[in-house]
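The structure appears below as structure tokens.
Bear in mind that the values in this text are calculations on the coordinates, not laboratory data. All figures in this text were calculated on a predicted structure; none of them were measured in a lab. Note: ideal-geometry Cβ built from the backbone for every residue, glycine included; neighbour counts use all protein chains shown.
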Amino acid sequence: MNQYYRRSIVVLTAALLVCLAALCITPSVRVEPTPLPAQIADRAFWRMIGDFSEAGGFFRSDNLVSNETAFQHVIPELQRTLAPGGVYIGVGPDQNFTYIAALRPRIAFIVDIRRQNMLLHLMYKGLLEQSANRAEFLSRLFSRAQPAGLGPDSSPEVLFDAYGASEPSNELFDTNLRSLVDQLVERHHFSLSGSDIQSIEYVYRAFYSSGPNIRYSFGRYGGWRQFPSYAELMMETDGQGENHSYLANEENFQTLRTLEMRNLIVPLVGNFAGGRALRSVGDYLRDHRATVTTFYTSNVEQYLFQSNDWRRFFSNVASLPVDGTSTFIRAYFNNAGYRFQPPAPGLRSRTLLDPIADSITAFNEGQIRNYGDVIERSH
């Protein structure tokens, strides 16, 4: 080996060692958090649904419509204590829309164990995007021709009187269903499976068949007549005479519609006690320097306390970014074992609030042991 060749090897070896040393001491690249987006691209939205979601689970009812009549009662307090532009997490069907319209979050996540609930929200998304106003939305939702005389100032009572007196149209149903699927698959390019589309058709047909009278039901278990109808829920108030529903006025409707058009209401499949959905939401919020403003749990905790799932749930909540204003919204039913005096005649449930940070502290200190402890600490 000649001297020149030997010298070249030494130089190359030294350079390689310097590079390796630099790699060892150079700090890892840090990704700086960015604010929440004003809009999420279709591909990113669908990827979030897939990446954040878990395998679907079972619940005994379809839950196409809420069975809570007092859910608006906490809205005045929430509007006094929370600033718009936060982050909303919820569960279940469209009662979330009323909270979203009233509280005006920057982004919302709906986490439910049933895949059908995610598809229900995609159905709503498509219909809301295609509807310029409340009257058109109800026409599409129930597959009924839009009655004459409805305008932007029509009250919910006027809207539902009109649609309650109209007949469903099978032709409109078929046309609207094709348009809805095209909106989701062709326009947004969401990769819905054949079974997903069948589930959307099943849900949409339920609204077509029952119209404004559609109610929460237990399917083959019966008992649906005791629950409020969709129309009745849209005409509920906060207990002080004001209706905050997303169909109460055009402003609320357009607030909701805008968020849907910007892909800022993200429906996920997930168990509150699962290992992915809530934690993925938490990671996303930290990456965007955001904190949870409100977490509507309905009465899911009642079921979590039937096993050790409640512990995993509170551990998941503890992983979310929260602050001193972050608030749980809980529904509580009289049949859960702890009786209460209804705030108004005929109400079967109460809606309660609880600071999330305080609840996490109570969990960590062993002050929460059963469902009663959760209810007693809420107001």
Margin query: Which of rounded, prolate or oblate describes segment 76-178 when judged by the alpha-carbon gyration tensor and an a/c cut-off of 1.5?
Written below: oblate
Next item on the list: Return the long-range amide H neighbours of residue 266 (sequence gap of 5 or more, or a different chain), with a cut-off of under 5 Å between placed amide H atoms.
Entry: 108, 109, 110
Notebook entry, point to check: Given H placed 1.01 Å from N in the peptide plane, which residues other than close sequence neighbours of residue 85 have an amide H under 5 Å from its amide H?
Noted result: 106
Next item on the list: List, in order, the whole-Hz ³J(HN,Hα) value for each residue of segment 238-247 obtained from phi through the Karplus relation with A = 6.51, B = -1.76, C = 1.60 and θ = phi - 60°; use x for Gly and Pro.
Entry: 7, x, 10, x, 9, 9, 9, 4, 5, 10
Notebook entry, point to check: Can you work out ³J(HN,Hα) from phi for every residue in segment 268-280, in order, using Karplus 6.51 cos²θ - 1.76 cosθ + 1.60 and θ = phi - 60°, giving whole Hz and x for Gly and Pro?
Noted result: 10, 9, x, 8, 4, 9, x, x, 10, 4, 5, 5, 5
Next item on the list: Just add up the charged neighbours of residue 367: K/R +1, D/E -1, any other residue whose Cβ is under 13 Å from the Cβ of residue 367.
Entry: -3
Checklist line | Spin-label pair residue 205/residue 191, simplified geometry with 7 Å Cα→Cβ offset, distance in nm | finding: 2.8 nm
Note to self: List the residues, sorted by chain then number, that are 5 or more residues from residue 74 or on another chain and whose placed amide H is less than 5 Å from its amide H.
What the structure shows: none
